[in-house]
Amino acid sequence: MSGRLSYLVIALAIAGLAGPVLAADVGKGSILFEEWFDSSITSLATLQSYQDYPDNPHKSYWATSWDRPDGSEDYWGCRSRGYLYPPQTGDYTFWVASDDNSIVWLSTDDTPANRVEICAVDGWMDYQNFTGTTGSPGTRFKSAAIPLTAGKRYYVETIMFDGTSGGTISVAWGGPGIGTGPVVVAGKYLAPWIRDPEPMLGA
């Protein structure tokens, strides 16, 4: 049995021991990040048209919060995908801080096809500067208030690219059970989209 297949079998077995769970609950406590590295990646558009995007990431892993700090790479892009579990019913606000451009989507349910853009960075901003007081982030880095229901899971996704001089993306929120925010979304409110978290394509 391959290492990747055995990993998924073990994860599903553990989930089974804990009782019936939805497939999205596997890996709960983290979110999937997928990354691509190439000098041709100079914008969100070139990332999305890149030959290995979206099915062949050069690197993938599960992060324990919705945050990707600087790793000193240049000309690369990333996508994060998973599910969000609001702790209480009510209105939530989201923020994104990234260098360079980014988009955040939230679905009306756990279906990717129902995702809608809720916030974005049109230029860049410093790491976790959710006030937008540095760089040139534009005006869309904070969402409107969005009603969410406790006990439901919501599909979430981001995309981001970086040219030079550091690349980061962080998503924060505020709302019932969280506080006014912005607070980086912690892993306990997330579960990853299921893709093997081991590095791919030798990255």
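The values are calculated or read from the model by the stated rules, or taken from the named source; none is laboratory data. Just so it is clear, the structure is predicted and the values come from calculations on it, not from any experiment. Here Cβ is always computed from backbone atoms with ideal geometry, including for glycine, and neighbour counts include all displayed protein chains. Protein only, heavy atoms only, side chains kept; ligands, DNA and RNA dropped before computing areas. Shrake-Rupley method; radii C 1.70, N 1.55, O 1.52, S 1.80 Å.
All of ILE194, ILE159 fail the test of being under 24 Å from ASP25 (Cα atoms), open to solvent by 20 Å² or more (accessible area, probe 1.4 Å) and touching a helix residue (DSSP H, G or I) at 6+ places or on another chain (Cβ under 7 Å), apart from ILE194. Regarding region 81-95, can at least one residue be identified that is β-branched (Val, Ile, Thr) and closer than 21 Å to ALA120 by Cα? There is at least one residue in region 81-95 that is β-branched (Val, Ile, Thr) and closer than 21 Å to ALA120 by Cα. One residue stands out in region 145-193 among those that are polar (S, T, N, Q) and in a strand (DSSP E or B): the one that is farthest from the chain's Cα centre (by Cα), namely THR180.
Among the residues of region 129-144, those that are open to solvent by 50 Å² or more (accessible area, probe 1.4 Å) and assigned to a loop (DSSP other than H, G, I, E, B) comprise THR131, THR133, SER136, THR139, ARG140, ALA144. Scanning region 21-39 for residues that are modelled with pLDDT of 90 or more and closer than 30 Å to SER49 by Cα gives SER30, ILE31, LEU32, PHE33, GLU34, GLU35, TRP36, PHE37, ASP38, SER39. Small (Gly, Ala, Ser) and either farther than 24 Å from TYR61 by Cβ or out of contact with any strand residue (DSSP E or B) (no Cβ under 6 Å at 6 or more places or on another chain) (or both), is that true of GLY177? Taking the combined requirement at face value, the residue satisfies it.
Could you tell me whether region 73-85 includes any residue that is open to solvent by 50 Å² or more (accessible area, probe 1.4 Å) and more than 14 Å from the chain's Cα centre (by Cα)? Within region 73-85, one or more residues are open to solvent by 50 Å² or more (accessible area, probe 1.4 Å) and more than 14 Å from the chain's Cα centre (by Cα). Which of the residues spanning region 39-67 are open to solvent by 50 Å² or more (accessible area, probe 1.4 Å) and either part of a strand (DSSP E or B) or touching a residue at least 12 places away in the same chain (Cβ under 8 Å) (or both)? Passing the criteria: SER39, SER40, THR42, GLN48, ASN56, LYS59, TYR61, TRP62, THR64.
All of (1) without any contact (Cβ under 8 Å) to a residue 40 or more places away in the chain; (2) surrounded by fewer than 15 Cβ atoms within 10 Å (Cβ to Cβ) hold for ALA120 with one exception: (2).
Residues in region 86-95 that are open to solvent by 30 Å² or more (accessible area, probe 1.4 Å) and assigned to a loop (DSSP other than H, G, I, E, B) were compared, and the one that is farthest from GLY29 (Cα to Cα) is THR89. The C-beta contact set for region 124-151 (first residue closer than 18 Å to TYR85 by Cα, second residue at pLDDT 95 or above and among the charged types (D, E, K, R), distance under 7 angstrom, 6+ apart or interchain) comprises ALA145/ASP91; ILE146/ASP91; PRO147/ASP91.
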